[in-house]
1. Any residue at all in the range 186-198 that's farther than 21 Å from Ser124 by Cα, surrounded by 16 or more Cβ atoms within 10 Å (Cβ to Cβ) and of a type in the set (Asp, Glu)?
2. Count, please, the residues in the range 104-121 that happen to be buried (at least 20 other Cβ atoms within 10 Å of the Cβ) and free of Cβ contacts under 8 Å to residues at least 40 places away in the same chain.
3. Condition check: at pLDDT 85 or above and touching a strand residue (DSSP E or B) at 6+ places or on another chain (Cβ under 9 Å). Does Leu422 satisfy that?
4. Kindly provide the set of residues from the range 78-131 that are in a loop (DSSP other than H, G, I, E, B) and of a type in the set (Asp, Glu), ordered by number.
5. Would you please name the residue that is nearest to the chain's Cα centre (by Cα), looking only at residues in the range 300-326 that are of a type in the set (A, V, I, L, M) and in a loop (DSSP other than H, G, I, E, B)?
6. Here are the criteria: (1) surrounded by 18 or more Cβ atoms within 10 Å (Cβ to Cβ); (2) assigned to a loop (DSSP other than H, G, I, E, B); (3) modelled with pLDDT of 90 or more; (4) touching a strand residue (DSSP E or B) at 6+ places or on another chain (Cβ under 8 Å). Tell me which single one Ala435 does not satisfy.
7. Filter the range 219-233 for residues that are surrounded by 15 or more Cβ atoms within 10 Å (Cβ to Cβ) and not polar (S, T, N, Q) and give the result.
8. Among (1) modelled with pLDDT under 85; (2) surrounded by 20 or more Cβ atoms within 10 Å (Cβ to Cβ), which single condition is Ile202 missing?
Amino acid sequence: MAAPEWPEVGLALAEGRRELVVRGPRPEGDQLDPRLYGLAPLLQHLELSGVAGLRGLEAGGGGGGLGRLRQLRSLVLSGDGLRALPPELGQLSELRLLDVSDNRLSALPASLGRLAQLSSLKASGNQLEALPPELANCSRLALLHLSDNLLPELPAALLASGLMLLSTLSAARNRIERLGDGISELRGLRTLDLSDNFLSEIPWELADCPKLKEINLKGNKFKDKRLEKMVNGCQTKSILDYLKAGGRGKGRGKSEGNEKNESKEKARKKAVKKDDADESDEEDLNKLVLRVLRFSESPCTVQVKVTPNVKDVRPYIVCCIVEGMQLRQGNALKRFLVAQTKLHDDICLKRTLATIATHDLQLVKGPLLYDARPCQSLKITPLGRKEVKAVDLVRQLQMEADEQRKQKKRQNVSGLHKYLQLLNGKENFPCLVDAEDCVISFPPITNSEKTKIKKTTSQLFVEVTSPANLQACKEVMDSLIMRMAELNKFTFENQEQETVSGDEAEEASEGAVVPDLAVDQTVTQAATSELIVKQVRVVDVDGNLKVVYPAKTDLNLNVDCVTVIR
């Protein structure tokens, strides 16, 4: 039988693409197109979704299989009917995202433990009965989806490993009967979903997870009936407080000995507090200060309405307003642009997880509409460019990227060009549109010239969008605001006279031209480095609230150097 030839592979080879997306069944059989491996030096994203009957992940032309695609950063193999994964996946040393959801997998290969860069593992909708203990070696793992499997427990080795970056753990609709005491070792855990399992008790150690803000335990039959009622109607904080206090089950409890120990501890802390009072006062002066204003305290006219069109494109968005950011002095603007770029490369996973956009609030005409529109009709005025159709902009950027490769004689490109593959295969592009029907944001590529920030900007409208989940938006926004507070404090404490040239700002923002940077440097510095963060509501087309940021569970940074005033 002749080797299968997929048109998507041929096109990717002809255009030298870094992304390959293949969706739907293949008439040629259950094997891969062997030409796929010709993309090995370039390919960074591979998606094979709904390729029914794809039982094998090998192809002709030598051994190694998918392990030869050494540059892959994201691999999506969802809905393919896979019954096993090849151990060669452990050779993908650059892999950040692995999505093998909705298959027929009964196990995951131990070789996944060699993926040192892996940050997201999605394996929901399979038949997993166990997890490889080697998974504990993935120290950068931040998101783990295991819902709709057959897991009887969460491995003790996984919990005891103390995956410090694991923030989201979803294991709903399994067969989990017991949650090990080692759960408290997951110090970065923010979201835990164990709904619809067979849990009868919850260890009090769960309350010792310092960052846990969202927990779902519904659908379990607890011995403690009060706890069972609480998980169906109370907020996470109330549940954790109940566990910490001992509850009525196997909680921590307060025996007579414990009460005596607690009294001694309180006395000791009181003495230490008195001795260190002066030192604490000095430290307070050095803290970063964030003041949160609720919508009711400072009504904002910039409301964001989300249409159903974004559901299959880029469904999640979180917004807020930040006041008090000092950008006029010295290199403050350049530092802010550089920080935003670093966040895109790091926590945003090269914009594959989320994208940040910042606007001058004075230039934003609300209310705003978050929509997805056909690429052929969508128009935008990108930073530093004239108005253009989105599809023409992408084509123009692709031509620039190809020319850049030829001139520099290398495969990698910089600036906006390296994000173009994120739009491959999409007929509708996401966009944020103002009240005048002008596109002010085109994630994940660029903002609009209309609302660009500059040195005179003092109020920023900030948006974070994601194709993955809402929690990713919130965590990226938390990190961004924390970084803004650090930069603002640095600017406040350091007097600078150096101005920033347009070329430097352009390089820092990776292709974003920020004109009008040569402004009067004699402007008086603000009396405080405090930042004010104002809530912005995101609603659906009927006006029903979808998300508000920052909510009570947001900006709980658990960092000693930050004071959040609500």
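The values are calculated or read from the model by the stated rules, or taken from the named source; none is laboratory data. Owing to the predicted nature of the structure, the values given are computational and were not obtained by experimental measurement. Neighbour counts are summed over all protein chains in view; Cβ atoms, including those assigned to glycine, are modelled from backbone coordinates with ideal geometry.
1. Step one: filter the range 186-198 for residues farther than 21 Å from Ser124 by Cα, giving 187-188.
The next check asks that each one be surrounded by 16 or more Cβ atoms within 10 Å (Cβ to Cβ); those that pass are 187-188.
Narrowing further to those that are of a type in the set (Asp, Glu): none.
There is no residue in the range 186-198 that is farther than 21 Å from Ser124 by Cα, surrounded by 16 or more Cβ atoms within 10 Å (Cβ to Cβ) and of a type in the set (Asp, Glu).
2. So the count comes out to 6.
3. Details: at pLDDT 85 or above: no; touching a strand residue (DSSP E or B) at 6+ places or on another chain (Cβ under 9 Å): yes.
It is false that Leu422 is at pLDDT 85 or above and touching a strand residue (DSSP E or B) at 6+ places or on another chain (Cβ under 9 Å).
4. Narrowing the range 78-131 to residues in a loop (DSSP other than H, G, I, E, B): 78-86, 92-96, 100-109, 115-119, 123-131.
Selection gives Asp80, Glu94, Asp102, Glu129.
5. Our first condition is that a residue be of a type in the set (A, V, I, L, M); within the range 300-326, this holds for 302, 304, 306, 310, 313, 317-318, 321-322, 325.
Now narrow it down to the ones that are in a loop (DSSP other than H, G, I, E, B): 302, 313, 325.
On the way: Val302: 24, Val313: 16, Met325: 24 Å.
Filtering first and then ranking leaves Val313.
6. (1)
7. Keep residues of the range 219-233 that are surrounded by 15 or more Cβ atoms within 10 Å (Cβ to Cβ), which gives 219-220, 222, 224, 227-228, 230-231.
Answer for the range 219-233, where residues must be surrounded by 15 or more Cβ atoms within 10 Å (Cβ to Cβ) and not polar (S, T, N, Q): Gly219, Phe222, Asp224, Leu227, Glu228, Met230, Val231.
8. (1)
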